[in-house]
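Undergrad: Dropping a structure here in C-alpha cells format, bear with me for questions.
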Amino acid sequence: MLSVADAAETGQIVVVSVTIASPTRLDRLAIDVPVPAGLVPVNFDFQTASERLRRAVDALPWEGDEVACAHTSIRDDRVTCFVDRLPAGLHVHRFAARAVVPGRFAFPAASAEEMYHPETFGTSDGTGFVVE
C-alpha cells in the first residue's frame, strides 16, 4: 500500500517528495534528500523492483512538474538527483522508500543548489519520522 505521511508501519512503502519553487531557470542543480534511518530508498533500476509499485508512485497526483533527473544517486542514507536544467516554476522530486526499522528518526532537511553557482541554494525544514 502506498502512503504519503510522517509515519509508517514496518514493511510499508512511503513516498518522499520535495517541492522546488524557483522564479528563474536553474542550471546543473543537485537536489539532495537525506533519508531517515528507519527507511530504505527503493531503487527501481534493480530487476527485482516492482513495476506495479513504480506505476503506482508515478500515478500519484502532485502539484507542479516532475523533476527530470539526468542522474540519480541512491544511497542507503540519501537520494540525490542531478538536473541539467530546471525551468522556472514549481517542480516535485519524489521517490519511494520502504519502512524497515521501527523507531523514531530524524528526517534531516533536504537541500538543492546550483552546482556551479552554490550561492543559489535552498533547504527544506527538517522533521521527524516514525516507523511502527
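FYI, it's all coordinate maths here, none of it is from the lab. Everything numeric here is computed off the predicted structure, so don't read it as measured data. In this analysis, Cβ positions are derived from the backbone assuming ideal geometry, glycine residues included, and neighbour counts consider all displayed protein chains.
Undergrad: Report the gain in length on full extension from Val100 to Ala88: 0.36 nm times residue separation, minus Cα-Cα distance, nm rounded to one decimal.
TA: Values: separation 12, 0.36 × 12 = 4.32 nm, distance 3.66 nm.
Full-extension gain reported as 0.7 nm.
Undergrad: Can you work out the Karplus-derived ³J(HN,Hα) for every residue in the range 16-30? Use 6.51 cos²θ - 1.76 cosθ + 1.60 with θ = phi - 60°, whole Hz, and x for glycine or proline.
TA: Working through the residues one at a time gives 9, 10, 10, 9, 10, 10, 9, x, 10, 5, 10, 10, 6, 8, 10 Hz.
Undergrad: Report the longest stretch of the chain that contains none of the trypsin sites (Lys or Arg not before Pro) sitting in a DSSP loop with at most 13 other Cβ atoms within 10 Å.
TA: On the way: sites that count: Arg25, Arg75.
Here the longest segment lacking exposed loop sites spans 76-132.
Undergrad: A follow-up question, please. Give the residue list of chymotrypsin sites (Phe, Trp or Tyr not before Pro) in the range 45-117 that are DSSP loop and have at most 11 other beta-carbon atoms within 10 angstrom. Mind showing how you got there, number by number?
TA: Working: sites: Phe46, Trp62, Phe82, Phe95, Phe105, Tyr116; in loops: Phe46, Trp62, Tyr116.
Within the range 45-117, the qualifying chymotrypsin sites (Phe, Trp or Tyr not before Pro) (loop, at most 11 other Cβ atoms within 10 Å) are Phe46, Tyr116.
Undergrad: Which one, Thr19, Thr120, Thr80, has the greatest fluctuation when you compute a Gaussian network model over the chain with C-alpha springs under 10 angstrom?
TA: Comparing Thr19, Thr120, Thr80 in a Gaussian network model of the chain, the most mobile one is Thr120.
Undergrad: While we're here: For the chain, compute Rg over Rh where Rg is the Cα radius of gyration and Rh is the Kirkwood radius from the inverse mean 1/r over Cα pairs. Present the calculation step by step, with values, prior to reporting the outcome.
TA: On the way: Rg = 14.7 Å, Rh = 15.2 Å.
Across the chain, the Cα-based Rg/Rh ratio is 0.96.
Undergrad: Using 0.36 nm times the number of residues separating Ser73 and Thr10, minus their current alpha carbon distance, what extension gain do you get? Walk me through the intermediate numbers first.
TA: Values: separation 63, 0.36 × 63 = 22.68 nm, distance 2.43 nm.
Extra length from Ser73 to Thr10 when fully extended: 20.3 nm.
Undergrad: Using the crude model of +1 on Lys and Arg Cβ and -1 on Asp and Glu Cβ, and no other charge, please compute the dipole size for the range 2-104 relative to its Cα centre, in debye to 20.
TA: Details: 11 positive and 13 negative charges, 16 e Å.
Taking the Cα centre of the range 2-104 as origin, the dipole is about 80 debye.
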